[in-house]
Amino acid sequence: MMQFCTFQINDSLYGIEIKSVKEIKDEFKITSIHHAPKEIKGFVNIRGQVYFVIEINELLNEEKKNKTKKHLILFKQRPKEDLFGILVDRHRGVYKIDEKKIEYFNNKKHSSNYHKKDMIIGICKLENQLMTIINPQIILPLISF
């Protein structure tokens, strides 16, 4: 069984393997960064750690229907990597899923030249909804600084 942190953007359900998630915040103050790429909303300071805040809907080509994002999902990073989190409409909880139910795509694993489609690594059919699975390690490399 695998565990996924799930979240909603508009009417779509997404999941990220729980071992990549550091924490989920529902109260935060974003400081904007002038001249930043459109995918970067700004940054937050959480207990002395500075995280880039990514507008994940920009990378997923999801229309921005909900003007106020309610949750910030922060990711664990390896040493010397930039810290970041993604803004989502709603955190939907943790789902336990049998790995046999996941249909993985053949995305390239290691590259310095990613495309948006490489961020989506698979799908899983749940009882009444489809969950799109995202690899968070590909999010920052997709943004042109």
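The values are calculated or read from the model by the stated rules, or taken from the named source; none is laboratory data. What you see is a predicted model, and the numbers here were worked out from it, not measured in a lab. When we count neighbours, we look across all protein chains shown, and the Cβ atoms used for this are built from the backbone with ideal geometry, even at glycine.
In the stretch 3-34, which residues are farther than 19 Å from L83 by Cα and either more than 17 Å from the chain's Cα centre (by Cα) or free of Cβ contacts under 8 Å to residues at least 12 places away in the same chain (or both)?
D11
So which of E55, E39 ends up being touching a residue at least 12 places away in the same chain (Cβ under 8 Å), farther than 13 Å from L72 by Cβ, buried (at least 18 other Cβ atoms within 10 Å of the Cβ) and not small (G, A, S)?
On the way: E55 fails: farther than 13 Å from L72 by Cβ.
That would be E39, the only listed residue that is touching a residue at least 12 places away in the same chain (Cβ under 8 Å), farther than 13 Å from L72 by Cβ, buried (at least 18 other Cβ atoms within 10 Å of the Cβ) and not small (G, A, S).
In the list E17, E27, E62, E99, which residue meets the criterion of being surrounded by fewer than 18 Cβ atoms within 10 Å (Cβ to Cβ) and either at pLDDT 95 or above or in contact with a Cys (Cβ under 8 Å, 6 or more places away or on another chain) (or both)? Working first, answer last.
Values: E27 fails: either at pLDDT 95 or above or in contact with a Cys (Cβ under 8 Å, 6 or more places away or on another chain) (or both); E62 fails: either at pLDDT 95 or above or in contact with a Cys (Cβ under 8 Å, 6 or more places away or on another chain) (or both); E99 fails: either at pLDDT 95 or above or in contact with a Cys (Cβ under 8 Å, 6 or more places away or on another chain) (or both).
Unique residue meeting the criteria: E17.
Do we find a residue being surrounded by 11 or more Cβ atoms within 10 Å (Cβ to Cβ), among the acidic types (D, E) and at pLDDT below 90 anywhere in the stretch 68-81?
Let us first name the residues in the stretch 68-81 that are surrounded by 11 or more Cβ atoms within 10 Å (Cβ to Cβ), namely 69-77, 81.
From the residues that got through so far, the ones that are among the acidic types (D, E) too are 81.
Remaining after also requiring at pLDDT below 90: 81.
Looking for residues that are surrounded by 11 or more Cβ atoms within 10 Å (Cβ to Cβ), among the acidic types (D, E) and at pLDDT below 90, one finds at least one in the stretch 68-81, hence yes.
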